[in-house]
Amino acid sequence: MVGALVERLHSSSTPSSEDIEAIRSLPLFIKQVEAHHFVVRDGQRPTHCCLVAAGFCVRTKTTGDGKRQILSIHIPGEIPDLQSLHLVVMDHDLVTLTPATLGFIEHHTLRELLRRRPSLADLFWRDTLIDAAMFREWIVNVGQRPAPSRLAHVVAELHERLKSIKQIDGNTFEMPLTQEQIGEALGITAVHANRVIRQLRQEGILEFSRGRVTILNQQALLDLADFDGRYLHQSPAL
């Protein structure tokens, strides 16, 4: 259940063997859920944090007139609602994109562990700071880049994050977003998203097929995305 989390922590930090053992000993309530399942909703008061063990989730916010923005994509090994340890009321939705295996950790259990092991608290604090760094990059992406560059950036980021947990096959990996969901992540319509996908395919940069994406020309992708992966902090030195 915690294998991907351990992989992620090793890629970005220097956890001790004792920290890893403490993580492995966490009592988790395991739940298998379908796609489009609300893990937690805007306005709820969660009592658990959720570890994504398998599958994909998205963090979303919906406006008063029903328009939805995807704020982030979450992969195995991430705890996307870790902030609920300290922010009592959720201010966004967490929804599964695919069928998923989730592990729920009671807040009081996690707080007790972090008090006993300050080094582990530091690891999770760094993890939330990296999460914030990704938010900043997504704001720049949606606000300042043209649509083809936005999609290229999301793909380049997801490739790097999945590589850190060994879930890519060469330059092919899972990206289970529909055209409508791609539009929600990029701040464009589904029709515009379709045109962008077609453009990147015609330019020999990306190929989308059945929830997977293949990078056809990595350098062209990185150039189009204006991608600098430092913000992912995938090394303890960063």
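The values are calculated or read from the model by the stated rules, or taken from the named source; none is laboratory data. What you are looking at is a predicted structure, and each value in this text was computed from that prediction instead of being measured. Positions of Cβ are generated from backbone atoms using ideal geometry, with glycine treated the same way; all protein chains shown enter the neighbour counts.
Remarks
- Residue satisfying condition, being touching a residue at least 12 places away in the same chain (Cβ under 8 Å) and over 18 Å from residue 132 (Cα atoms), within set 85, 97: 97
- Flag for residue 184 being touching a residue at least 12 places away in the same chain (Cβ under 8 Å), of a type outside the set (Lys, Arg) and either in the same structural domain as residue 67 (by TED's automatic domain parsing) or surrounded by 19 or more Cβ atoms within 10 Å (Cβ to Cβ) (or both): yes
- Against the list (1) within 21 Å of the chain's Cα centre (by Cα); (2) of a type in the set (Ser, Thr, Tyr); (3) surrounded by fewer than 19 Cβ atoms within 10 Å (Cβ to Cβ), the condition residue 16 fails is (1).
- Any hit, the range 133-142, residues being of a type in the set (D, E, K, R) and within 15 Å of the chain's Cα centre (by Cα): yes
- Yes/no for residue 56 being among the hydrophobic types (A, V, I, L, M, F, W, C) and in contact (Cβ under 8 Å) with a residue 60 or more places away in the chain: yes
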